Amino acid sequence: MTAPTNTTGTRAVGSPLGGHASRIQRAGRSLPFSDERHLQAHHWLVEEAYLLDAQRYDEWLDLLADDVHYLMPVRVTTALGAGYDTSPGMAHFDENKYSLSRRVARFRTEHAWTEDPPSRLRHHVTNVRTFATDDPDHLVVDSAVLLYRSRGDVREAAVISAGREDLLRRARGGGWLLARRTIMVDDAVLRTQNLAIFL
Amino acid sequence: MTDLDLVLGDVRRGMIPAHIYNDEEIFRLERERLFGRAWVFVGHTSEIPQPGDYVVRRVLEDSFIVARGEDGEVRALFNMCLHRGMQVCRAEMGNASHFRCPYHGWSYRNDGRLVGLPFHKDAYGGEAGFRRKGQTLLPAPALDTYNGLIFVSLDPDAPPLRDYLGDFAFYLDYYTRQSESGIELRGPQRWRVKANWKIGAENFAGDMYHTPQTHTSVVEIGLFREPKAEKRKDGCTYWAGNGGGTTYKLPPGSLEERLRYVGYPDVMIEKMKRQWSQAQLDVIGRDGFMVSAASVFPNLSLVHNWPRVEDSEDVLPFISIRTWQPVGPDETEVLSWFAVDAEAPEEFKALSYKAYLMCFGSTGMFEQDDVENWVSLTSTAAGSMARRLLLNSRMGLLEDSTTVVPPLPADRFAGPGEAFVGYGEHNQRHLLARWADHLERPVEKLAQVEVGGAAAQNATKAVSA
């Protein structure tokens, strides 16, 4: 068995750069789909997917808490019972707000060739489950994301499938901010030329 | 003269038939004559520190279990059961005392010896029918290490690795021996790009010319202060033995000041001073050059840069080691590791890792733009027009093949080999000249191992000798 998704939040703690990440964990079973908090979390994810598809990254940055930890471990194939399925001490993304802001700033230059011409992106978000935490201002949200990335005219498109565990924090003045995200990509060997995208 | 002779002749004079970057026939020759012979990097001893630790790595299609046995020895075992050819290990890393084939249950110790053969007596009549004793998973024909870097060669007659590396070992120490403990390696990140493997190897070997153009954006956002065109061309490229690389010119100062300039803390600088030879120290302290990207023929590359990782003026150096593993003429699997001195302070290791992630690897802001170019080149090289085009790879040479600038004299460059200040394609030509040497030389007939037969033991000896 791979690690159940309800433990992914602890991965931030184990990452070399996750020391600053919020430690808040989910409590109890997933909220009913009719729960107002679930509706808000789902709405947030869909709005975020729109910004990522449109590459409106400055607005996306505004959705991230100042202490955000954004982690995408490297998946490895290990024997059943090995007890781990990510590469120890290595990730694709292990980011704080500063490093994410540099990535976004780069796309704003006229010299980020890998996205000029830009990819056509579609983030399909599904399997959303929302969990309360011990803190009423935080929610843990699981989701699945399938990114379709098409470049040029006839190149085969890249598809990236991943599960995500997010920690959302209620923002002062309403709405929610992303305080922690762990992206569990489903490939050990990525089939895309780079990760000049966000998941 | 055959078509191949013409191609190799053009390559040797620095005129590159564009189709070699996407050509089935060339790729077939590379598989057989180049990757069938050359030393290929597969991992580092720090990845498998304990007995039983293993990683599975490939040389093209051939899968090897790179394992540390109970005796502490590192071996590379061909990942194919001696009976019906299944992979005996289907994980990519782990710790195991044995590998058991899922098909019929043959099992092997982590040193490769066959120890379990179900119904040996009933099915084969015991040793009289199948000589189990002495049978092992096929070892890589040659395995050797330098500074813990593990290389295999499919050629049992490969020269010793140290001879193969030659004077490049001098430069390899900057990346992999900053203290007596050497490096620890993390990763790799693995991803596949639709680009020919040679392009990355050439780029890392000597392409300082692309830096100011391809990587404009990383300067604009304040990630890396160095690549501005004027500054980059003050660096030099060097070639020595079977590898070469690029350097940046450092501002005036002492050895210590220059190492601090790229972000090394004093505790690491003191270790470098003890570890490196006077000539190795002089390249930095006296001559003012700091190694950056490099390649070892055929497909191992290294990089050392020093970006800003936080909103401050401080920079942090990182080291990456990577292989460009050919998948086909138009596809390469990149394996990109983060390397750091094992004795470095923990805080340095964490920030150096962050520097790596921001610059290179699957998410690296340098790497992203490189690959975009290489994919584009590869796709264009497939057609018939590319067969009419000889790309000029003669930068740094005049028409009569004298060099635009003279090589650096020994009193301005303390390292071995030949170094030139400024832009040039000397190293790309060195790399492709070696490529041509391999491609024109047919391989010897392969020695075969007969499993379990009377002749088997002798044959196995011959291969592992």
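Classification of the stretch B:284-410 by its C-alpha gyration tensor yields an oblate form. The axis ratio a/c (a ≥ b ≥ c) is 1.5 or more, and b/c is at least a/b. Other residues within the sphere of radius under 15 Å centred on the Cβ of residue B:6, judged by their own Cβ, net out at -2 (K and R +1, D and E -1). Proximity of backbone amide H atoms, modeled 1.01 Å from N, is registered between residue A:68 and A:97 at under 5 Å, excluding neighbours fewer than 5 places apart on the same chain. Is the protein assembly as shown rounded, prolate or oblate when judged by the Cα gyration tensor, a ≥ b ≥ c being the square roots of its eigenvalues, rounded requiring a/c under 1.5 and prolate requiring a/b larger than b/c? Oblate, because a/c is 1.5 or more while a/b does not exceed b/c. Applying both filters, DSSP loop and at most 13 other Cβ atoms within 10 Å, to the chymotrypsin sites (Phe, Trp or Tyr not before Pro) of the stretch B:114-153 gives B:119. Highest average first, the peptides B:311-318, A:152-159 ordered by how many other beta carbon atoms sit within 10 Å of their residues are B:311-318, A:152-159. Tell me which of B:6, A:113, B:419 sits at the most positive position along the dipole axis of the protein assembly as shown, charges placed on C-beta atoms (Lys, Arg +1; Asp, Glu -1). Comparing the listed Cα positions along the dipole, B:6 ranks first.
For the stretch B:331-349 versus the stretch A:53-95, the spacing of their alpha-carbon centroids is 18 Å. For the stretch B:167-439, the relative contact order is 29 percent, taking Cα pairs closer than 8 Å that sit 6 or more residues apart in sequence and dividing their mean separation by the residue count. Across all Cα atoms of the stretch A:77-147, the radius of gyration (one decimal) and Dmax (whole number) stand at 17.7, 48 Å. Per-residue ellipticity at 222 nm from helix content only, as computed over the protein assembly as shown with -39500 (n - 2.57) for each DSSP H run of at least four residues, stands at -7500 deg cm²/dmol. In terms of distances greater than 30 angstrom between alpha carbons, the cross-link table entries B:233/B:273; B:198/B:233; B:198/B:271; A:97/B:273; A:97/B:249 yield B:198/B:271; A:97/B:273; A:97/B:249.
Our coupling estimate for the stretch A:99-114, obtained by passing each phi through the Karplus curve with A = 6.51, B = -1.76, C = 1.60 and θ = phi - 60°, is 5, 5, 5, 5, 4, 5, 4, 4, 5, 6, 6, 8, 10, 8, 4, 5 Hz, Gly and Pro reported as x.
Along its principal axes, the stretch A:5-185 has C-alpha extents of 47, 46, 29 angstrom, given from the largest down. Residues whose amide H lies under 5 Å from that of residue B:155, counting only those 5 or more places away or on a different chain, are B:142; hydrogens are built 1.01 Å from N in the peptide plane.
What is the average number of partner chain Cβ atoms found within 10 Å of a Cβ in B:92-101? Each step should come with its number before you reach the end.
Working: counts 8, 8, 8, 3, 2, 0, 0, 0, 0, 0.
Mean number of neighbouring Cβ atoms from other chains: 3.
For the stretch B:61-157, what Kirkwood radius comes out of the mean inverse Cα-Cα distance, in Å?
Computed over the stretch B:61-157, the radius equals 14.2 Å.
The tail of the calculated P(r) for chain B, taken as Cα-Cα distances beyond 29 Å, holds 51 percent of the pairs.
Only the coordinates and a few stated rules stand behind these numbers; no lab work does. All of these numbers come straight from a predicted model, not from anything done at the bench. Methodologically, a virtual Cβ is constructed for each residue, glycine included, from the backbone with ideal geometry; neighbour enumeration extends over all protein chains shown.
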